[in-house]
1. What is the number of the single condition among (1) modelled with pLDDT under 90; (2) crowded, with 18+ Cβ neighbours inside 10 Å; (3) not aliphatic (A, V, I, L, M) that T54 does not meet?
2. Determine, yes or no, whether D68 is of a type in the set (D, E), at pLDDT 95 or above and either over 21 Å from T15 (Cβ atoms) or surrounded by 14 or more Cβ atoms within 10 Å (Cβ to Cβ) (or both).
3. Restrict the check to segment 71-89 and report whether at least one residue is exposed (fewer than 12 other Cβ atoms within 10 Å of the Cβ) and under 26 Å from G16 (Cβ atoms).
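The values are calculated or read from the model by the stated rules, or taken from the named source; none is laboratory data. All figures in this text were calculated on a predicted structure; none of them were measured in a lab. Note that each Cβ is placed from the backbone with ideal geometry, even for glycine, and that neighbours are counted across all protein chains shown.
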Amino acid sequence: DYRADQASPRAAAVTGDGGRTWGPAAQPPPAYRSGVAWLPHSRSAALAVGPTGTDLTTDGGRTWRTLDTGSYDTVDCTPDMGCWASGEKGRVARLER
């Protein structure tokens, strides 16, 4: 449910059996996120972006921490470890190691 200014406590789920069963993340992102991408060469790190910020997980989605409060709509990562996010009015950002 899209509500940019409200928490989404059930918006993140994790699986330990390849997707057969799912459970809620212990600490989900603090609000709605519209895009997510796994970091290259990692099985446990991902970025999630949305209108109220960018969050990072390093434990496969169990917990998330906010990196930035800028508004982005989508994110994608490249094999060279660069991650690009874009948002309204031409907003673009690159996350580097």
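1. (1)
2. Here the answer is no, as D68 does not meet what is asked.
3. no
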